[in-house]
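Contents: one structure, followed by commentary.
The values are calculated or read from the model by the stated rules, or taken from the named source; none is laboratory data. Bear in mind that the values here come from a model prediction, so they are computed numbers and not experimental data. For neighbour counting, all protein chains shown are included, and Cβ atoms are generated from backbone atoms with ideal geometry for every residue, glycine included.
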Amino acid sequence: MNVVVRGRRRHYRTVAFDAARRAVLLIDQRRLPHQFQILATRTFRETATAIREMVVRGAGAIGATAAYGLAQGALAFRGRQADRFAAHLAAVYETLKAARPTAVDPVNAMNQVRAALDPRASIAEQQAQALAAAQRFADEDVAHCEAIGRHGLALIRPGMRLLTHCNAGWLAFVDVGSATAPLYAAHAEGRPFQVYCDETRPRCQGATLTAWELAQQGIAHHVIADNAAGHLMQRGAIDLVIVGSDRVLGRTGEVANKIGTYTKAVLARRHGIPFYVAIPLSTLDWHLRAGSAIPIEERAEEEVLGAWGLTRGGRRAWVRVANPTSPARNPSFDVTPPELITGIITPLGIVRPADLWAQRARLGGPAGSRHHYPGFTRRPASANLPT
Ligand code: MRU
């Protein structure tokens, strides 16, 4: 997206690769909205750490980061033996996969990279194939989000008041975002609308990241406390909910997303408000058979017991909020059942969650092409981040 940084407006991708330095370039999301910094990870281990520590976060963004990390690991291999190269790649894959467990995009992205490697090719050729495939995943992520915008645009009527949860914006992807794509498309057409951003405790991705994104694009919005949505719905102040997802089960239509999404879906149903989930195809999991089998990440209790922010002196600091002797639980995601979801906005159109499995061939599921999603223009990765 185009953003103003230190007085200059320019285009950035959330994730990019600097081939000369073999570095993954990441907008450091821990520092937004207060500071805009780009962090370069030079090894696949540093890349995995950046995912775990949420320098980069959001399903599509960590998918692209893992794909680049796998390529980075492949490029770092020194040796001639094919079996050692394969073992090295397997270790890199597992390290990146373990960084964050709930989103399926990193696994799908890395599988796409692995599938692009020709085992009969030389190691040098496979290293080049890995990087090209990672680049392709990143470009497809952008194309998918743009297509989500085109399909979701019809949902946004002038004057609407929308609710979104967490950040499924361009910072959660390589560019454009999933839940935000219809908003950016409607804004580009000059349709007026207003967005409520759930603050999204404990890490406040709504208050920090979504609000920053929308402000950068000049879209009218308010940050609301997570507990305010029910009241606003009851007063008729919310017309539509659009959220993202970290994993959608193709077999059941269940949706894993940031903790609190399920609550909002229940409230939306109670008040007859349409509830949509926007995803690229890399967020579809065609294997798991039940939402209860989705690994739900439990993060550090400090996230719940306190909060990060800026001090009056401009220093980034964590402050304790909760009672000093109390422990906390911090499940980071929840699972929303399909009956609470009006539709899934995909790059190929809006699908009812219960129809995903029937449409699996078209959506890149088991009966279709598992690793590539044909029909999208591949844009060159020329919009890389500055170094
Ligand atoms: O913990 P995060 O910030 O990586 O969580 C992921 C999310 O941002 C949300 O769950 C989002 O709505 C889906 S990711 C596109």
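Since Ala128 meets every condition but one in (1) under 23 Å from Thr283 (Cβ atoms); (2) among the small types (Gly, Ala, Ser); (3) out of contact with any Phe, Trp or Tyr (no Cβ under 7 Å at 6 or more places or on another chain), which condition does it not meet? Going through the list (1) under 23 Å from Thr283 (Cβ atoms); (2) among the small types (Gly, Ala, Ser); (3) out of contact with any Phe, Trp or Tyr (no Cβ under 7 Å at 6 or more places or on another chain), Ala128 breaks only (1). Can you pull out every residue in region 246-271 that is in a helix (DSSP H, G or I) and not small (Gly, Ala, Ser)? Thr261, Tyr262, Thr263, Lys264, Val266, Leu267, Arg269, Arg270, listed by residue number.
Hey, does region 35-52 have a residue that's closer than 18 Å to Val176 by Cβ, within 13 Å of the ligand (Cβ to nearest atom) and of a type in the set (A, V, I, L, M, F, W, C)? Within region 35-52, none of the residues are closer than 18 Å to Val176 by Cβ, within 13 Å of the ligand (Cβ to nearest atom) and of a type in the set (A, V, I, L, M, F, W, C).
Is it fair to say Ala132 is assigned by TED's automatic domain parsing to the domain that holds Asp18 and under 25 Å from Leu363 (Cα atoms)? The answer is yes for Ala132.
Of everything in region 308-331, what is of a type in the set (Lys, Arg) and either assigned to a loop (DSSP other than H, G, I, E, B) or free of Cβ contacts under 8 Å to residues at least 60 places away in the same chain (or both)? Give them in sequence order. Talk me through it step by step, then tell me what you get.
Initially, region 308-331 is screened for residues of a type in the set (Lys, Arg), giving 312, 315-316, 320, 329.
Within region 308-331, Arg312, Arg315, Arg320, Arg329 qualify.
With respect to being within 12 Å of the ligand (Cβ to nearest atom), touching a strand residue (DSSP E or B) at 6+ places or on another chain (Cβ under 7 Å), outside the structural domain of Val104 (by TED's automatic domain parsing) and under 24 Å from Leu171 (Cα atoms), Gly306 falls outside the description. In region 144-176, of all residues being among the aliphatic types (A, V, I, L, M) and assigned to a loop (DSSP other than H, G, I, E, B), the one that is farthest from Asn2 (Cα to Cα) corresponds to Ile156. If Gly7 satisfies all but one of (1) under 16 Å from the mean Cα position of the chain (by Cα); (2) more than 12 Å from the ligand (Cβ to nearest atom); (3) farther than 25 Å from Ala132 by Cβ, what's the number of the condition it fails? Just one mismatch for Gly7, condition (1). The condition of being outside any loop (DSSP other than H, G, I, E, B), within 10 Å of the ligand (Cβ to nearest atom) and in contact with a helix residue (DSSP H, G or I) (Cβ under 6 Å, 6 or more places away or on another chain) holds for Leu209.
Please find, within region 65-100, the residue that is farthest from the ligand (Cβ to nearest atom) out of those that are of a type in the set (A, V, I, L, M, F, W, C) and within 19 Å of Lys258 (Cα to Cα).
Restricting attention to region 65-100, the residues satisfying the condition of being of a type in the set (A, V, I, L, M, F, W, C) are 66-67, 70-71, 74-77, 82, 85-87, 89-92, 96, 98-99.
Now narrow it down to the ones that are within 19 Å of Lys258 (Cα to Cα): 98-99.
Values: Ala98: 15, Ala99: 11 Å.
Per the stated criteria, the residue is Ala98.
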